[in-house]
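To keep things clear, I will list the structure first and then write my remarks on it.
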Amino acid sequence: QVQLVESGGGLVQPGGSLRLSCVASGSISVMNAMGWYRQAPGKERELVATITSGGRTNYADSVKGRFIISGDNAKKTVDLQMNSLKPEDTAVYYCKVVVGALYWRHYWGQGTQVTVSS
């Protein structure tokens with residue numbers, strides 16, 4: 001069984017920074033793709049950032065230049081450095097890992113709350 005556990009969320013003032021971490025455990029050899037998503041109250045889950053095992057990254061326009069995603073297949077971790085946080089960044093942040101062999105399998109963490117408020 002594969003399990004993802006996020007940590008690092010909390011309350012921060014606008015302009016502040018947080019670093020989220022996701023640790024994968026279980027039967028994973030290679031994380032082919034990794035990503036962070038978020039869901040604010042009353043809204044649908046949206047993509048924040050993704051990174052492939054080859055190192056290619058993709059960011060939502062709303063976080064580009066402020067957030068940095070990184071992944072380590074050896075440590076089975078996915079991190080999200082969040083800088084210059086804004087109130088609209090407030091959401092539950094979820095880690096996702098994609099692994100594949102004969103088919104692609106998507107795994108999700110339980111989420112960690114990020115609140116940006118004065």
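The values are calculated or read from the model by the stated rules, or taken from the named source; none is laboratory data. Keep in mind that this is a model prediction, so the values were computed, not measured. We place every Cβ from the backbone using ideal geometry, glycine too, and count neighbours over all the protein chains shown. Surface areas here come from the heavy atoms of the whole protein model, side chains and all, with no ligands, DNA or RNA. Shrake-Rupley method; radii C 1.70, N 1.55, O 1.52, S 1.80 Å.
When the strands (runs of 3 or more DSSP E) confined to the stretch 1-106 are screened for residues that are more than 23 Å from S117 (Cβ to Cβ) and out of contact with any His (no Cβ under 6 Å at 6 or more places or on another chain), those reaching at least 1 such residues are found at 3-7, 18-25, 33-39, 46-52, 57-59, 67-72, 77-82, 91-100.
Selection of the stretch 107-118 for residues being more than 15 Å from the chain's Cα centre (by Cα) and in a loop (DSSP other than H, G, I, E, B) yields S117, S118. Of all residues in the stretch 3-20, those being out of contact with any Leu (no Cβ under 6 Å at 6 or more places or on another chain), of a type outside the set (V, I, T) and surrounded by fewer than 17 Cβ atoms within 10 Å (Cβ to Cβ) number 9. Screening the candidates D89, D79 for the property of being out of contact with any Gly (no Cβ under 8 Å at 6 or more places or on another chain), surrounded by 15 or more Cβ atoms within 10 Å (Cβ to Cβ) and of a type in the set (D, E, K, R) yields one hit, D89. Within the stretch 101-118, residues that are within 30 Å of G15 (Cβ to Cβ) reach partners that are open to solvent by 100 Å² or more (accessible area, probe 1.4 Å) and among the aliphatic types (A, V, I, L, M) with beta carbons closer than 9 Å, at six or more positions or on different chains, in the pairs Q113/L11; V114/L11; T115/L11; V116/L11; S117/L11. Touching a helix residue (DSSP H, G or I) at 6+ places or on another chain (Cβ under 8 Å) and not small (G, A, S) - does that describe any residue in the stretch 24-33? The answer is no; no qualifying residue exists.
Here is the figure for the stretch 21-50: residues that are in contact (Cβ under 8 Å) with a residue 40 or more places away in the chain, hydrophobic (A, V, I, L, M, F, W, C) and open to solvent by less than 60 Å² (accessible area, probe 1.4 Å) total 9.
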